[in-house]
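Presented below is the structure to which this report refers.
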Amino acid sequence: MAENHKSEIAALNAELAERNARWSALYKTASLFTQGTYSGDILAEVVRHSVDLLQVQYGVLTEFDPAAGDLVVRFSLDKDGPPPMRLGTRVKPGEGLTGLTLQTGQAQIVDAYHRWPGRLTSVRSEQMRAAMATPMIGSRGIIGVLGVATREERRRFSDDDLQMLTLFAQQAAAVLEAVTGRRLEAELAARNERRRLALALHDGTQQRLAALLLKVDACQSAWSGANPAAHAALEGIAREIQALISELRATVHALYDPEPGQRNLAEAIRALVERQAAETGLRIHLEVAPPPVRCRESQGASVLLRFVREALANTSKHARATDATVRLACLDGAVVRLSVQDNGCGVAVDGFWSDGRAGFGLLSLREQLEALGGSLGLESAPGQGTTVWATLPVEE
């Protein structure tokens, strides 16, 4: 009898410990949210906790794209290898377990996923056995899907497992809701600020340059015969002012009614790289992988161009580098990846984003990219150079 009580107590203690671990994980991710932690990091923690506490090997978090009507992979995890799905991969309604969850609006469980006829062949699913997915519900309906899978042959998911995954999905939904709100606010604020700057440049700087050009023309007329050298110098000044007015007009037009989505992003980056090389003295190489990349929205293109400018400026100021390489490529699922790599002194990555070394420029870029559904990261080590990369969803 005593032995039976001991085993029952041990079982109860084990169950209590498991439940404490689950609630502790939920509390930790909720704390990150209230502390204003970078939203991408919170979503990654949601997937990691789901995988750890449910004792599975795979986890994936997707966000619903209302414009395309499909899901976009925001985070994917395999505890023992590369992620089963690449960042930015798109899943249509009805495709795979996540697509089926989106289509039905209901949680889905498949016990033998590797033999399930509806599984995604593009995913490394041959080792997956039991799989489970649940919708992430927001104020406008389904805003994503959270899924997990295991390699254990005899594993079956219980109602408690589904309840746990649903709780994590609710947390992730709250994060995405906040991101969407910030995204809309950022788009409206950026649009208003662009138009304010355009009007200020048009009514202020551009008009003053035009007035200055008239004064130069007057001086040329007065000195044309008396001082040929001064006349030639003024001619050069006039050409420079005219070039500035032309550039300013293009800038005003781009700010007030931007259309970078209608041109090849590589062209804009190439022009920026050439200017940065001339200004900084860096040897900058540009590598562009086909196909040509077109941004879905003007704000995205502006943020990517600002990323290149900020990364190259940091390379020139802080890295003590002589060479830099800018790489532009479109990944699977129509996600652009832009990176800037240098041969400078490098930095220690641990604590880089939290101890003030990142600086306002990179931190604000990280927030803007995340608000548009993208991400920003850094790979470096002391003495081994630095690579800063950004990703952003685009149209093919």
Open item on the list: Anything in the range 305-335 that is in contact with a helix residue (DSSP H, G or I) (Cβ under 7 Å, 6 or more places away or on another chain) and either outside any strand (DSSP E or B) or modelled with pLDDT under 85 (or both)? List them, or say none.
Closed with: L305, R306, F307, V308, R309, E310, L312, S316, A321
TODO: For residues that are of a type in the set (A, V, I, L, M, F, W, C) and buried (at least 22 other Cβ atoms within 10 Å of the Cβ), scanning just the range 81-97, find the one that is nearest to T391 (Cα to Cα).
DONE: M85
Open item on the list: So, in the range 51-73, how many residues would count as being buried (at least 17 other Cβ atoms within 10 Å of the Cβ) and at pLDDT below 85?
Closed with: 1
Open item on the list: Within the range 115-134, does at least one residue satisfy the condition of being over 17 Å from L54 (Cα atoms), part of a loop (DSSP other than H, G, I, E, B) and touching a strand residue (DSSP E or B) at 6+ places or on another chain (Cβ under 6 Å)?
Closed with: yes
- [ ] Give Q207, Q276 a once-over and let me know the one that is more than 34 Å from the chain's Cα centre (by Cα) and modelled with pLDDT under 80.
- [x] Q207
TODO: Return the residue satisfying two criteria in turn: it lies in the range 173-183 and is of a type in the set (A, V, I, L, M, F, W, C) and at pLDDT below 85, and of such residues it is surrounded by the fewest Cβ atoms within 10 Å (Cβ to Cβ).
DONE: A178
Open item on the list: Regarding the range 4-11, can at least one residue be identified that is farther than 21 Å from D159 by Cβ and modelled with pLDDT of 80 or more?
Closed with: no
Task: Among (1) part of a helix (DSSP H, G or I); (2) at pLDDT 80 or above; (3) out of contact with any helix residue (DSSP H, G or I) (no Cβ under 8 Å at 6 or more places or on another chain), the one test that G383 misses - done: (1)
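The values are calculated or read from the model by the stated rules, or taken from the named source; none is laboratory data. Computed from a predicted structure; not experimentally measured. Note that we place each Cβ from the backbone using ideal geometry, even for glycine, and neighbour counts take in every protein chain shown.
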